[in-house]
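Please read the structure below before turning to the comments.
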Amino acid sequence: MPESSLVRETVRGAGAAGPESLLDVRDLTVSFRTRQGVVRAVDGLSFSLAPGEVLGIVGESGSGKSVSVMSLLGLIRDPNARVEGQALFRGRDLVAMRDKDLRPLRGREIAMIFQDPMTAMTPVYTVGWQIAEQIRAHDDVSKRVAHERAVELLDEVGIPDPRRRVGDFPHEFSGGMRQRAVIAMALANNPSLLIADEPTTALDVTTQAQILDLMRRLRVEHGSSIILITHDMGVVSDIADQVLVMYAGRAAEQGPKKDVFHRPRHPYTWGLLDSVPRPRAERVRRLPTIPGSPASPLDVAPGCPFAPRCRMRHERCDERPELAGGPAHVDACWLPRDRRQELRREVVEAAVAEGDPGDLTEHGAPLDASTPPAPEQGP
Amino acid sequence: MRRPERADSDPGEVLLEARDLTKHFPVRGHSLVGGRQVLRAVEGVSLAVRAGETLGVVGESGCGKSTLGRCLVRLTDVTSGTVSFQGRDITRLSRRQLRPVRRDLQLVFQDPYASLNPRRRVGDILSEPMQIHGYGDRRAIARHVQELLEVVGLNASHVDRFPHEFSGGQRQRVGIARALAMNPKVIVADEPVSALDVSIQAQVLNLFLDLQDEFALTYVFIAHDLGVVRHVSSRIVVMYLGEVVETAVTDPLYDRPGHPSWVGVVQSAPDVEDEEVAPRERILLTGDVPNPVDKPSGCPFRTRCPYAQELCAREHPPLREVAPGRHVACHFPLVTPTGDVAQHALSAGGSGSAR
C-alpha cells in the first residue's frame, strides 16, 4: 500500500528524530503457538509517545491491549510466545533486550500498575515495607531513608495520615487507597513512563476521579509519560492526548484525542462511542449496538477483522485495510474518508431501527415519530 | 429523544414496597475486647416500586444497594422493617409460603457464569423453575424453553449446550431467560451488565427494554454505572452508606442533583466529549466512604461534604420532599422548592454543581 507506507514514513520520521519521542514502537507483533495454529494477539502495532504525553489504548476483551504493553516489558513468559518488531525506549530496543538488561529499567524507568491492586502487593508485608523495598531495589539507600521516602510518597498520592498508615498491611486499606499505594510504589523511582492497565476499573467513580487526577498531576510534576489501557471511552476522553483503538490485535484507528473523539473515522470507534449510555447527555430510546461479539484472537477474519460485525461491510473488506489517512490521524477502513461522518449517522440509524442480530426480539415500542432518531448523541 | 417517564405520567399500582427496611450483619470486632459489632448494610430504607416503571438503585460500592436488592426478593432475611409485594407483607413468610411469590419476583445476577450451574445444560437450567412451579407437562415445558431462548435472542438449538459454551453476553441472556421462565411481574437486576464488554452491554440493555415493553415488566435495576442507570431508569434511588439520600425522576436527578454526595458522584463520572468543551469545573469528593461498621454521627455523608455544618454532625437529616417529586436527605439540599439549583450550590464550595 503506497498510502500506508507514506504514513509509516512520516511517523517513523518523527520517531527517528530521537529526543522528541520517549517510546517508539514499530510493527509490534506478539504471536502464540497453540494447538489451533499460530495466534496473533498483537499484529503490527506502531505508535510513539512523547515525554509527558498520555496515550490511551482502548479496546474490548481479546483486543490485545494488555498483551501489547506486557510484551514491551518482557513480561510475557510463555515459551510459545514470540514478540517481534521494535520498541525503542530512549533509543534502546526493549524487544531485543535480554531480561538482565531489562530488569534495571522495569520499576525504575518504566513502571506498571494493574487493575487489581490487591494482586500487586503481597499481603504479608506492610505497605511501607513494600514501597521501601521497591526503592532499595534500584537505589542504594539505607532502610531509614527508604522508609521516609515511602511516607512522603503515600502523602503525595493522598493517603491521609501517611506516617501511621505506612505500617498498615494492604488488607487494612480500602480499594481506592490500595490503588493509590500501588501508584506510590510505581512512582517510587520517578519513572519516565508509567503503564497503567485498567487502573480505575475496580474503583467507584469518585475514587476513579481522584486517581485520574493523581495521574494528571504526575505528568505535570514529574513529566512522566503515561500509557493508559482501558475499555472506558469516558476515561480516555478525560485524560488522554493520543488515542489508539484496538480491535483483534490491530489498530483500527489512532491519532490525537480530539480527532478520534470529534471526527471518529472507523466504524468500530463509532460503535464504541455511540453504544455507551452517557451520564451527561440526553437519553436515547435505543442504544445503537455493534452486532455480534468481540473477535476471538483464535478466529480473526482474513480481511478487515471488524468486517463480520460491521454494518458498512462491502466486497473490499475481504482485503485487509492498512492504516492510512494520516499524517497524525489514521484508520484502517476502506470506506471513503470524505463521507465518514455521514456514514456514521447512517450506521446509527440502521442500528437503532433494525435491532441487533443476536437479539431476535421484535423491536419493542416504535420510535416516537414526532422527533427524528438522534443519530449522534450530544448537541 | 426521551423515553416517556411512565412513572411520572401514569403512576401504576405499587407492586413492591419496602418500609423502614434495615439489614445488619454481625462482624467480629478487631480487638479481643471489641466483642461483636454490626455492619449496618441497609438502614431505614423505604421505597415503592410501581407497575411498569424501572426503579434504578445507584450508589458507590458498599452503599448497600445489592443487599437492598436481596432483601427485596427475600434472598436474605431482614433485620427489621417490612417488604410487601402487591400489598401482602412477605417479610416473615416461610420458604414454602414464599414459593408462589417467587414466581412473580425474580432476580438477575451480575456474574452470569457464577449464577448458572456449570454442570447442567441450558435446557435443564431453564426448565427447572417450571418443574418446581408446575408449569405443565414435559412437552409444554420443552416448548416454553424454546420460546424463552428465542425471546432473549438465543438460538432454540442452544438447549443442549452448557454455560461455558456461551460468551459472557449470551450467558447473561440465559440468566434473563431463567428469570422470565415463570412470567414474573417484577425483576430485580443486580449489576446485570457490569461484567460485559461495552458492545455487548448495549445489546443486553436493549434486550431489557424490549422485554419490558413486550411483557409489561417492572424492574428494580441496581448498578453503579451512571450512564447505564440513567439510560434504563424512569425513577432513581440514590444510596450512601446504607441509606437513601435522594430519590427523583431520572432527568432532573442528573441535571440538578439535590444531595451533595450525588453531585460529587455525577460530576466525577467521566463522559465522552463529542466536541471541544471548556474543562468542567467539578467538586472532587475527597477521601473514601466511611466504614459501615463505624458510621459517622448525624448525616452519614458529613465527613466528605463540602457544605457540612455543625448541625450535620448533631442531627440525622430525614428524607423529605424538597421539591415536587424530589426527596433529599440533607439539611442543606442543593435544589430549591421549585426544583432549581440552590444559591449555596452556586457559590464558593459548589461552583461546579450548576452545569
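The numbers here are math on the coordinates, done by the rules we state, and not lab data. Just so we're clear, the structure is a prediction, and the values are computed from it rather than from any experiment. Quick reminder, even Gly has a Cβ in these numbers, built from the backbone with ideal geometry, and neighbours come from all protein chains shown.
Brief remarks follow.
- Between the helical axis of B:122-133 and the longest alpha-carbon principal axis of chain B there is an angle of about 90 degrees.
- Across the range A:134-208, C-alpha contacts under 8 Å between residues 6 or more apart give a mean separation that, scaled by the residue count, equals a relative contact order of 31 percent.
- For the residues A:Ser66, A:Ser142, A:Ser48, a GNM of chain A with alpha-carbon springs under 10 Å puts the largest fluctuation on A:Ser142.
- Charged side chains reduced to their Cβ positions (Lys and Arg at +1, Asp and Glu at -1) give chain B a dipole of some 1600 debye around its Cα centre.
- Compactness of the range B:146-222 - radius of gyration and Dmax, Cα, Å: 11.9, 32
- Separation of alpha-carbon centers, the range A:191-216 and the range B:234-248, rounded to whole Å: 27 Å
- Toward the positive end of the charge dipole of chain A, with +1 on the Cβ of Lys and Arg and -1 on the Cβ of Asp and Glu, the farthest Cα among A:Gly223, A:Met97, A:Gly44 is that of A:Met97.
- In degrees, nearest ten, helix B:138-151 long axis to first principal axis of chain B (Cα): 40 degrees
- Cα-Cα separations in the range B:62-114 greater than 12 Å, expressed as whole percent: 68 percent
- Peptides B:100-112, B:260-272, B:124-136 ranked from most to least packed give B:260-272, B:100-112, B:124-136, packing being the mean of other C-beta atoms within 10 angstrom over each peptide's residues.
- Counting only DSSP beta bridges with both residues in the protein assembly as shown, the antiparallel share comes to about 60 percent.
- Only Cα pairs under 8 Å and 6+ residues apart enter the sum, and on that basis the relative contact order of chain B stands at 18 percent.
- Trypsin sites (Lys or Arg not before Pro) within the range A:95-161, DSSP loop, no more than 12 other Cβ atoms inside 10 Å: A:Arg98
- Mean projection area, nm², convex hull over Cα of chain B: 20.6 nm²
- Counted without the sites themselves, the longest stretch of chain B free of GluC sites (Glu not before Pro) in a DSSP loop having at most 12 other beta carbon atoms within 10 Å is B:14-274.
- Cβ-defined net charge surrounding A:Ser31, 9 Å radius [Lys, Arg +1; Asp, Glu -1]: +1
- Over all directions, the projected convex hull of the C-alpha atoms in the range A:283-346 averages 5.9 nm² in area.
- Binned Cα-Cα distances of the range A:133-254, short to long, each 10 Å bin given as a whole percent: 12, 40, 32, 12, 3
- Under a Gaussian network description of chain A, with springs only between Cα atoms under 10 Å, the residue in A:Gly37, A:Gly176, A:Gly158 that fluctuates furthest is A:Gly37.
- Counting Cβ atoms of other protein chains within 10 Å of each residue's Cβ and taking the mean over peptide B:191-199 gives 5.
- Exposure proxy ranking for B:Val186, A:Val38, based on other Cβ atoms within 10 angstrom of each Cβ and starting from the fewest, stands as A:Val38, B:Val186.
- Segment B:Glu165-B:Val27, length gained on full extension (0.36 nm per residue, minus Cα span): 45.8 nm
- Residue with peak Gaussian network fluctuation, chain B [Cα springs, cutoff 10 Å], from B:Gly227, B:Gly64, B:Gly168: B:Gly227
- Over chain A, the reciprocal of the mean inverse Cα-Cα separation, the Kirkwood hydrodynamic radius, stands at 22.3 Å.
- Loop-located GluC sites (Glu not before Pro) in the range A:265-357, at most 14 other Cβ atoms within 10 Å (DSSP): A:Glu282, A:Glu319
- Ignoring lysines fewer than eight residues from B:Lys185 along the same chain, none have Cα atoms less than 18 angstrom from its Cα.
- Net charge, A:Arg92 excluded, C-beta distance under 11 Å - Lys, Arg +1, Asp, Glu -1: -3
- For A:Val300, neighbours were defined as the other residues whose beta-carbon sits under 13 Å from its Cβ, and their charges (Lys and Arg +1, Asp and Glu -1) total +2.
- The simple Förster model, with R0 at 22 Å and r as the Cβ-Cβ distance, assigns B:Ala142 and B:Arg120 a FRET efficiency of 0.90.
- Note on A:284-292: average number of Cβ atoms from other chains within 10 Å of each residue's Cβ is 6.
- For the protein assembly as shown, the Cβ-based charge dipole about the Cα centre amounts to some 1920 debye (Lys, Arg positive; Asp, Glu negative; other atoms uncharged).
- Our estimate of slack between A:Lys100 and A:Glu221, defined as 0.36 nm per intervening residue step minus the Cα-Cα distance, is 40.5 nm.
- For the residue pairs A:Lys65/B:Lys65; A:Lys65/A:Lys257; B:Lys23/B:Lys65, the alpha carbons lie more than 22 Å apart in A:Lys65/B:Lys65.
- Measuring nothing but how far apart in sequence close Cα pairs (under 8 Å, 6+ apart) lie, relative to its length, chain A scores a relative contact order of 18 percent.
- Entry note, chain A: the mean residue ellipticity at 222 nm calculated from DSSP H runs of n ≥ 4, each adding -39500 (n - 2.57), is -9500 deg cm²/dmol after division by the residues and rounding to the nearest 500.
- Likely footprinting exposure, A:Asp274, B:Asp137, fewest C-beta neighbours within 10 Å first: B:Asp137, A:Asp274
- Here's the picture: a label point sits 7 Å out from the Cα of A:Arg337 along the beta-carbon direction, and within the range A:262-297 the residues with their amide nitrogen under 19 Å of it are A:262-270.
- Order of A:Leu45, A:Leu218 - criterion: other Cβ atoms within 10 Å of each residue's Cβ, fewest first: A:Leu218, A:Leu45
- Using only side-chain charges placed at the Cβ, +1 for Lys and Arg and -1 for Asp and Glu, the dipole size of the range B:120-227 relative to its Cα centre rounds to 400 debye.
- When peptides B:229-235, A:291-297, B:301-307 are ranked by their average number of other Cβ atoms within 10 Å per residue, the highest-first order is B:229-235, B:301-307, A:291-297.
- A quarter of the convex hull surface defined by the alpha-carbon atoms of the protein assembly as shown gives 34.1 nm² as the mean projection.
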